[in-house]
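First up is the structure itself, then whatever we jot down about it.
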There are 2 protein chains.
Amino acid sequence: MSDLLERLRGRGWRMTAQRRVVAEVLDGEHVHLTADEVHARAVVKLPEISRATVYNTLGELVTLGEVIEVTTDKRAKRYDPNAHQPHHHLVCAGCGAIRDVHPSGNPLADLPDTERFGFTVSDVEVTYRGLCPDCAAAA
Amino acid sequence: MSDLLERLRGRGWRMTAQRRVVAEVLDGEHVHLTADEVHARAVVKLPEISRATVYNTLGELVTLGEVIEVTTDKRAKRYDPNAHQPHHHLVCAGCGAIRDVHPSGNPLADLPDTERFGFTVSDVEVTYRGLCPDCAAAA
DNA sequence: ATCCTATATTGGACATTGTCCAAGTCAAGT
DNA sequence: ACTTGACTTGGACAATGTCCAATATAGGAT
């Protein structure tokens, strides 16, 4: 994702220190941070960055399709920079750990027309839940 | 779900006016209400019921497995009384309408062992997203 | 029928997550 | 370097949910 900044600049994004820092924080394939976690890490590199800017920037990245918004639980939304390879999520009910997973099959194709109620279905999000090895051992 | 109250009593639930009202509000197969919507409807039947009690009662019903907690978006959790027939959800990205759907196939079986990372996977939640006929027409 | 007590309810303070806005700041084109 | 529209800021506000000490009550025991 090191070329993210380039892609964004190419799309007419104005490059600012704040946006650069947010993009850097999200760098990595298997990160699932909340907005406040992103902010906390951004502050280390750019102490005066505001929460509002982090929220704005994350929202823009989502709109641009560079980052996926994941709502695995009732708590905060999480931001997943692994937006260019379709995948789903496996969440630990104990500690909240999240792994990217790639189920076989195509859930979209598994929804018959009779179950679509005239909707234009464009996307499917699959969340597996269970216990990670550590939490299973503790239980 | 008219026998819900009986089932709960059998499980040692203390029956109170508040709990009865919450159960009545949830009655029905295709309801997906937020906690505050449940509260609003409960207040009609029992004006002095408090928000805290509605939250408590919903939480208990979820724990007992009588109601499913659905988090389709970043907004409020929704409570689905259709807990005894496995199903998934189709959500309109425009207006938020929710339909119960029954995809063919078994998503749980679609997650290979190599993609489980040692987790004990117990559940899968599939959320289809798209536009309902009305919102598609408006777009 | 009445009493007792564990359990449930209440309301309001508090916490978390997120949105909004007016004022100030700055990137980047000219 | 200037200018300008886009970006950032901080703080107020909103929505959702949690927690707690005080009060009330369901349902078994008497």
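The values are calculated or read from the model by the stated rules, or taken from the named source; none is laboratory data. Bear in mind that the values here come from a model prediction, so they are computed numbers and not experimental data. Please note: Cβ atoms are built from the backbone with ideal geometry, for glycine as well, and neighbour counts cover all protein chains shown. These accessible areas exclude ligands, DNA and RNA; they are computed on the full protein's heavy atoms, side chains included. Shrake-Rupley method; radii C 1.70, N 1.55, O 1.52, S 1.80 Å.
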Output the relative contact order of region B:4-80, whole-number percent, from Cα pairs under 8 angstrom with separation of 6+ residues.
31 percent
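First compute the accessible area of region A:4-80 with a 1.4 Å probe, then give the percent of it belonging to carbon and sulfur atoms.
On the way: 1990 of 4100 Å².
Heavy-atom surface of region A:4-80 belonging to carbon and sulfur, 1.4 Å probe: 49 percent.
Roughly what percent of Cα-Cα pairs across region A:41-82 reach past 16 Å?
Values: 382 of 861 pairs.
Value for region A:41-82 (Cα pairs over 16 Å): 44 percent.
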In the neighbourhood of B:ALA76 defined by beta carbon distances under 15 Å, the net charge of the other residues (Lys, Arg +1; Asp, Glu -1) is +3
By how many degrees, 0 to 90 and rounded to 10, does the Cα axis of helix A:17-26 deviate from the longest principal axis of chain A?
30 degrees
Rounded to one decimal in Å, the inverse mean reciprocal Cα-Cα distance for region A:1-133, i.e. its Kirkwood radius, is 16.4 Å
Output needed: Cys residues of chain A lacking any neighbouring Cys C-beta below 4.7 Å, sorted by number.
A:CYS95, A:CYS135
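Kindly report the accessible area of region A:88-138 per residue (heavy atoms of protein chains, probe 1.4 Å, no ligands, DNA or RNA), in Å².
Roughly 47 Å² per residue, with all protein chains present.
Report, as an integer, the average count of C-beta atoms from other chains found within 10 Å of each Cβ along A:7-13. Could the numbers behind the result be given before it?
Numbers: counts 0, 0, 0, 0, 0, 0, 0.
Mean partner shielding for this stretch: 0.
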Solvent-accessible area buried by B and A, counting both chains, probe 1.4 angstrom, square angstrom:
3200 Å²
A:ALA17: net charge of surrounding residues, Cβ under 13 Å, Lys/Arg +1, Asp/Glu -1, itself excluded?
+2
In bins 10 Å wide, starting from 0, what share of all Cα pairs of the protein assembly as shown does each bin hold, as a percent?
6, 23, 29, 26, 12, 3, 0
Please report how far the C-alpha centroid of region B:57-93 lies from that of region A:79-139, rounded to the nearest whole angstrom.
17 Å
At 4 °C and a viscosity of 1.567 mPa s, what translational diffusion coefficient does Stokes-Einstein give for region B:88-138, taking Rh as the Kirkwood radius over Cα pairs? Give it in µm²/s as a whole number.
100 µm²/s
Those aspartates and glutamates that a straight Cα-Cα span of less than 16 Å connects to A:LYS45, excepting residues fewer than 8 apart in one chain:
A:GLU24, A:ASP27, A:ASP36, A:GLU37
What does DSSP give for region B:73-139 in terms of the percent of beta bridges that are antiparallel, rounded to the nearest 5?
50 percent
Can you give the three extents of the C-alpha atoms in region A:4-80 along their principal axes, from longest to shortest, in whole Å?
35, 27, 21
With the label point 7 Å along the Cα-to-beta-carbon line of A:HIS84 and a cut-off under 15 Å to each amide N, the hits in region A:35-75 are A:64-68
On C-alpha positions alone, give me the angle between the axis of helix A:35-45 and the longest principal axis of chain A, in degrees, nearest 10.
30 degrees
Degrees separating the helix A:51-63 axis from the principal Cα axis of chain A, which is the longest one:
50 degrees
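Could you tally the net charge around B:LEU111, taking each other residue with its Cβ under 13 Å from the Cβ of B:LEU111, Lys/Arg +1 and Asp/Glu -1?
On the way: positive: A:ARG99, A:ARG129, B:ARG116; negative: A:ASP100, B:ASP110, B:ASP113, B:GLU115, B:ASP123, B:GLU125.
Spelling it out: positives minus negatives among the neighbours equals -3.
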Restricted to chain A, the DSSP antiparallel beta bridge percent, nearest 5, is 70 percent
For chain B, what does the helix formula give at 222 nm: sum of -39500 (n - 2.57) over DSSP H segments with n ≥ 4, over the residue count, nearest 500 deg cm²/dmol?
-9500 deg cm²/dmol
